[in-house]
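Below you'll find the structure, written out as structure tokens, and then a few comments.
The values are calculated or read from the model by the stated rules, or taken from the named source; none is laboratory data. Worth saying up front: this structure is predicted, and the values here are computed from it rather than measured. Note that each Cβ is placed from the backbone with ideal geometry, even for glycine, and that neighbours are counted across all protein chains shown.
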Amino acid sequence: MLRAMKLVYFAWLRERVGKAGETLNPPANVTTVGALLEWLKGQGGGYAEALKDLSAVRVAVNQEYAGPEATVGANDEVALFPPVTGG
Amino acid sequence: MIKVQTEDFDVGVELKTLMARAKGVGGIVTFTGIVREWSGESSSGDPASGRRQLAAMTLEHYPGMTERQLADIEAEAVRRWPIEASLIIHRYGRLEPGANIVLVITASAHRQAAFEANEFLVDWLKTKAPFWKLEAGPQGQAWVEAKASDDAAADKWGMKPTKRSAAE
């Protein structure tokens, strides 16, 4: 079963991952933000580099801030980015 | 009202427009955030140490979520204070020192509500609105790091921060 999620990356997370966004199909046991981050990290390369320190990573699911226990599923838009610095 | 744009804004024009839709208010507070020529803070007391001269700053944002977060913050200010009208303009893209970054206007019958709501909006947008600053200077480029003092400023309004570390 395909569980396509849209991933988007910003600021230095975008630079380290090497792309602004992509559509991914994580395995069925990936149902939370925390599990998604662990799975992504395990993909190695830019992902491992970008997610080395999770305390510097913020997550939004469908454009709302989400903690590691938040659920993710098919068709969700999941954004990964550093702490914000606007204003 | 929320505007997220690359174009510059004219504080006088925006103030006049807001006054036209907020007749009868007694006080209007206007905050303008501007790109500094020097970034970073001196920790040693020597004003030159640890500071970087800035050639330009590029603001990246998350289209869609930015507008949604700013609208939420504005709605919260309206819930807390008797605000007759408000405006938040935040620019993105490449900005040079001296350029406008952000404008926050709050209008109320009395000054206290206008001042407090304005400070609340600025404190909260700094920790919630998805913008990231990339500074460029003679030493190269660097992403600005979030400041603990900004989190503390937002915390004093007694609202649980919604931004959370992915490591929790």
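Quick rundown of the values:
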{"read-out": "Pairs with Cβ under 8 Å, 6+ apart, first in region A:55-75 and farther than 16 Å from A:Phe10 by Cα and within 9 Å of another protein chain (Cβ to nearest Cβ), second crowded, with 20+ Cβ neighbours inside 10 Å and basic (Lys, Arg)", "value": "none"}
{"read-out": "Residues of region A:64-87 satisfying the condition of being out of contact with any Leu (no Cβ under 7 Å at 6 or more places or on another chain), under 26 Å from B:Glu135 (Cβ atoms) and of a type outside the set (Phe, Trp, Tyr)", "value": "A:Ala79, A:Pro83, A:Val84, A:Thr85"}
{"read-out": "Unmet criterion (only one of (1) modelled with pLDDT of 95 or more; (2) part of a loop (DSSP other than H, G, I, E, B)) for B:Trp157", "value": "(1)"}
{"read-out": "Candidate set: region B:59-93, residues that are exposed (fewer than 15 other Cβ atoms within 10 Å of the Cβ) and under 30 Å from B:Gly140 (Cβ atoms); chosen: the one farthest from the other protein chains (Cβ to nearest Cβ)", "value": "B:Gly93"}
{"read-out": "Set B:Glu119, B:Glu96: member being at pLDDT 95 or above, among the charged types (D, E, K, R) and either surrounded by 15 or more Cβ atoms within 10 Å (Cβ to Cβ) or at positive phi (or both)", "value": "B:Glu119"}
{"read-out": "Enumeration of residues in region B:112-142 that are facing chain A (nearest Cβ under 10 Å) and small (Gly, Ala, Ser)", "value": "B:Ala129, B:Ala142"}
{"read-out": "Test set (1) under 25 Å from A:Trp12 (Cβ atoms); (2) β-branched (Val, Ile, Thr); (3) crowded, with 22+ Cβ neighbours inside 10 Å - B:Ile105 fails condition number", "value": "(1)"}
